[in-house]
Amino acid sequence: MRLRLLNTLGVFVFLAAPIRNTPAQAPAAPRSSLLLQAETLLAEGDTVGTREACGRALSSPGLSESERAHLLFLIASAHAKELDEAPASERVRELLDAPGATPDLKARSHLLIARMLALFGGQNAWNRSMERLDAALEIQNLPKTAVLEVRSLRAEVALQLRRFDSAHADFLFLASHGPSERQTESHLNAARALGMSGRPEEALGILDRLALPPDDHALLADVQVLRGILHYDQKHLEKARTLFLSVCALPGQNPGTAPYREARLRLHLRKLVPESAPCLKVLFIGSSHTQRGSVPLLVEQLAASAPPNIPRIFAGEKTRMGTGMRAHWNEGDAPDTARGKIAAEAWDAVVVETFFRNPREDLAEWTERYLDLTRSKGARLVVYESPAAKALPYPGGFREFHANNLWLASRFSVTLAPCMDAWLRILGPSPNDHDFRTLYADWIHATPEGAYLSACCIFSALTGHNPEGLFRPSGISEEKAVSYQRAAWAAYQDARAQKPSDQAH
């Protein structure tokens, strides 16, 4: 269920705003200047400069306990912005023991680490994030704003851990105690949690009681698409059809908005609308490599811009940060899991990510499991060769990962989206730092350009067609887009030539 959330996991906002405590004595001017400088540098993203300014301030004479605690928080925030958990956690440990740390500052420090762990993703990180959030709520005399921020993130982490009752309780708390302008959204998310836990009638009851602003078409779209999904899952298909069509007709909804895409996908999965052109219903299963850059949406947009003889693509997603093929499989086959989603619908193809750290044996084991399930449902499997870590030996480590994926595709006769090979073609034989930054947003994740290059590969793998001349995002020049399209097509053709295949024709 793709809905507007509470901006806790999707947007990484560090709570490093100035925290104004009243010290026993007014701070000396130079020290105050350093503290203000550190806050400014952190807001500008200069994490090294932040730590240096904080270090100078910490060594200045006459530092109050509250100032010291504040500086430790800023240092921890700078490390957290770099996703460097160990030093961030160490500074937070010092802060929690500091005499000048207020309850609010202690809670925000727990929240800082919890946000970082939530971004890492994966069962272990989410469990540790939840421990931090629970510890924050145990602090006495917390301001209301801190309580709301903690419970907001805790609700989202609970959803990731599939603790639906806990998420539902936190969303209801936010609806009752949060800002009035967010109450409807919190009730909506509470209904979403109930729907994911298999309690559709209760979820619909919450939605029926909502008082929706008549001019908030985006919120109405979220509500109506959730209503449609709840009826759809109960096989009340005519009700679902009516609701989905109403979503698509709302002002502001278009093929790039999440409610519209969800409604359109469901309509086509159960053939609730006539299909005048060939189309492919595709389920993407993966982690941040599929989420970041909105790879499924890019694939849809490429297909939508293609000539009429090339199928349109309608994409569904079961993605979660830090969750690979093994973790998705081991969650079982409940309706909200990857296996449950494969089994529930008439997909034409399922796209799964491989990961550069997995040895061949692991890749083979989990690919075979997904392949057996996918084929039993009449769909085909596409293997998405997700980006390898930037620090991997270049080009040898990159080529080794690609070779493992070629071997996998050959062994099981599955379609390969050879994104790593396409990245190699763009990076060239001796890339410099600027070349890497074009495709890499950090140590492993793609920039918008890297995501587009991967999407071109997946489009070719799904359709068997050349992406050259098709859709390009507004932030990518026509010259660059053509180079990415050509690299993707060449990589796909080479991969196809090296193995027996059930590729699309």
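Bear in mind that the values in this text are calculations on the coordinates, not laboratory data. Keep in mind that what you see is a predicted model, and the values were worked out from it rather than measured. We place every Cβ from the backbone using ideal geometry, glycine too, and count neighbours over all the protein chains shown.
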With a/c under 1.5 counting as rounded, go ahead and sort the chain into rounded, prolate or oblate using the C-alpha gyration tensor (a ≥ b ≥ c being the square roots of the eigenvalues; past the cut-off, prolate if a/b is larger than b/c, else oblate). oblate
Starting with the fewest neighbours, write out 279, 54, 419 ranked by other beta-carbon atoms found within 10 Å of each beta-carbon. 279, 54, 419
Enter the per residue convex hull volume of the range 385-448, computed from alpha-carbon coordinates, in Å³ rounded to the nearest integer. 77
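Of 81/144; 271/318; 239/281, which pairs sit farther than 28 Å apart, going by alpha carbon to alpha carbon?
none
Ignoring everything except DSSP H segments at least 4 long, calculate the 222 nm mean residue ellipticity for the chain; use -39,500 (n - 2.57) per segment, divide by total residues, nearest 500. Don't skip to the end; give the middle numbers.
Working: 23 runs with 298 residues, N = 505.
Taken over the chain, the calculation gives -18500 deg cm²/dmol.
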Loop-resident sites, the range 420-498, for chymotrypsin sites (Phe, Trp or Tyr not before Pro), counting at most 14 other Cβ within 10 Å (DSSP): 443
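With a ≥ b ≥ c the root eigenvalues of the C-alpha gyration tensor of the range 279-497, is it rounded (a/c under 1.5), prolate (a/b larger than b/c) or oblate?
Details: a/c = 1.62, a/b = 1.22, b/c = 1.32.
Oblate, because a/c is 1.5 or more while a/b does not exceed b/c.
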So, for the Cα atoms of the range 49-107, Rg and Dmax in Å stand at 10.9, 32
The range 240-340 - charge dipole about Cα centre, Lys and Arg +1 at Cβ, Asp and Glu -1, debye rounded to 20: 100
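Determine the dipole magnitude for the chain: charges of +1 sit on the beta-carbon of Lys and Arg, -1 on that of Asp and Glu, nothing else is charged, the reference point is the Cα centre, and the result goes in debye to the nearest 20. Write out the running numbers ahead of the final one.
On the way: 57 positive and 57 negative charges, 168 e Å.
Taking the Cα centre of the chain as origin, the dipole is about 800 debye.
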Cα pair distances exceeding 21 angstrom across the range 397-492, given as percent: 29
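What is the range 312-374 by shape, rounded, prolate or oblate, if you read a ≥ b ≥ c off the alpha carbon gyration tensor as root eigenvalues and call it rounded for a/c under 1.5, prolate for a/b larger than b/c, and oblate otherwise?
prolate
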Note down the magnitude of the dipole of the range 279-497 about its Cα centre, charges +1 on Lys and Arg C-beta and -1 on Asp and Glu C-beta and zero elsewhere, to the nearest 20 debye. 220
Given the candidates 173, 64, 378, the one whose Cα lies deepest towards the positive end of the charge dipole of the chain, counting +1 at each Lys or Arg C-beta and -1 at each Asp or Glu C-beta, is 378
Bridge orientation stat for the chain from DSSP, antiparallel percent rounded to 5, came to 5
